[in-house]
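Here's the structure, in structure tokens; my notes come after.
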Amino acid sequence: MVSITLFGASGRMGRAIGEVAAQRDDVSIVTDGGDVFVDFSVPSALEAHLDAAVSAGKPILIGTTGLAPAQQAAVDAAAERIAVIQAANTSLGVNLLSHLVREAATRLGAEWDIEIVEMHHRMKVDAPSGTALLLGRAAAEGRGVDLDAVSDRGRDGITGARTAGHIGFAALRGGSVAGDHQVIFAADGERIELGHRAESRIVFARGAIAAAAWLAGKPAGRYTMADVLGL
Ligand code: NAD
């Protein structure tokens, strides 16, 4: 039995994680002193949650996205003392998609433009989504370039021509969409499209619980969803 201390338990993701945990007999959600900490809250609360995990000497899964550089630095520092998985998307499908995107970008020439289009519910705060950035990073790694050097992260439309071989982002917000991501590889005369649609938050919750159970007892360091899922 693995016990999980969940930050953000009353939020949309927190409730989905509670639902999945209730269906399993090998995990339980506890208010204090869990074997593993899980954070699906807000960036401004993350540092306090990291401090709690480091003080307890327990691993932490961070699902919260949209971190500022100082908050990201706090995650990096914590990973020197406890086991950390930071995952912008905990679903199996998206982590497999990321693998496929890296593979496609490795094989396609630099003349292929890469556009990442995402849509989420109207309440989502950060844009582009952490998952879109994760997919952009996978594409950049496959191509052997630095994402910051080649990307356009604007969400409000494009005001000029783009450079060939760019990695671009477009974010749509509306309704109750749990998370749609499409990666379009576009060359002159042809396109390849890879995508994923999450029909509900349960897919993220299932992956989060799997990651938390996997993290229990792991030594300090950085781990990934690919490690958890054996990709
Ligand atoms: P939400 O707004 O529904 O829930 C946020 C939770 O944080 C609430 O329980 C709220 O009470 C809590 N909170 C707010 N301020 C706090 C504070 N100062 N201290 C402690 N707790 C505080 O949001 P959500 O849709 O559940 O998403 C939460 C985060 O998870 C977002 O960053 C979102 O982008 C991310 N997310 C990640 C994945 C993934 O797979 N990694 C999937 C979906 C959402």
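Give me Rg over Rh for the stretch 92-198, both radii from the alpha carbons and Rh done the Kirkwood way, two decimal places. The partial results should precede the final answer.
On the way: Rg = 13.1 Å, Rh = 13.8 Å.
The Rg/Rh ratio comes out at 0.95.
Binned at 5 Å from 0, what are the whole-percent values of the Cα-Cα distance distribution for the chain, short to long?
1, 7, 14, 18, 19, 16, 12, 7, 4, 2, 1, 0
Ignoring everything except DSSP H segments at least 4 long, calculate the 222 nm mean residue ellipticity for the chain; use -39,500 (n - 2.57) per segment, divide by total residues, nearest 500.
-11500 deg cm²/dmol
How many angstrom lie between the C-alpha centres of the stretch 42-99 and the stretch 166-231?
15 Å
Quick one: 3J(HN,Hα) in Hz for the stretch 196-201, Karplus 6.51/-1.76/1.60 with θ = phi - 60°, rounded, Gly and Pro as x.
Per-residue couplings from phi come out as 8, 10, 8, 7, 7, 5 Hz.
Short version: ³J(HN,Hα) in whole Hz for each residue of the stretch 180-194, in order, from phi by Karplus 6.51 cos²θ - 1.76 cosθ + 1.60 (θ = phi - 60°), x for Gly and Pro, what are they?
Once θ is set to phi - 60°, the couplings for the stretch 180-194 become 10, 9, 9, 10, 10, 9, 10, 10, 5, x, 7, 9, 10, 10, 10 Hz.
Taking H placed 1.01 Å from N in the peptide plane, check which residues at least 5 places from residue 169 or on another chain put their amide H under 5 Å from its amide H.
Amide H neighbours of residue 169: 116, 152, 154.
Tell me which residues come under 5 Å, amide H to amide H, from residue 27 once H is placed; ignore anything under 5 positions away on its chain.
When sequence neighbours closer than 5 places are left aside, the close amide H contacts are 2.
Taking each pair of different alpha-carbon atoms in the stretch 9-96 once, compute 1/r for the pair, average those values, and report the inverse of that mean as the Kirkwood hydrodynamic radius in Å to one decimal.
By the Kirkwood definition, the hydrodynamic radius is 13.7 Å.
Can you compute 3J(HN,Hα) from phi for each residue in the stretch 164-174, using the Karplus curve 6.51 cos²θ - 1.76 cosθ + 1.60 with θ = phi - 60°, rounded to whole Hz and x for Gly and Pro?
4, x, 6, 10, x, 10, 9, 10, 10, 10, x
Considering only DSSP beta bridges with both partners in the stretch 92-198, what is the antiparallel share in %, to the nearest 5? Walk me through the intermediate numbers first.
On the way: 16 of 25 bridges.
Around 65 percent of the beta bridges assigned by DSSP in the stretch 92-198 are antiparallel ones.
To the nearest 10 degrees, how steeply does helix 202-215 sit against the main Cα axis of the chain, on a 0 to 90 scale?
60 degrees
What angle, in degrees between 0 and 90 and rounded to the nearest 10, separates the Cα long axis of helix 69-78 from the longest principal axis of the Cα atoms of the chain?
Once rounded, the angle reads 50 degrees.
Computed from the coordinates by the stated procedures, all read-outs in this text should not be read as laboratory data. Source: prediction; values computed, not measured.
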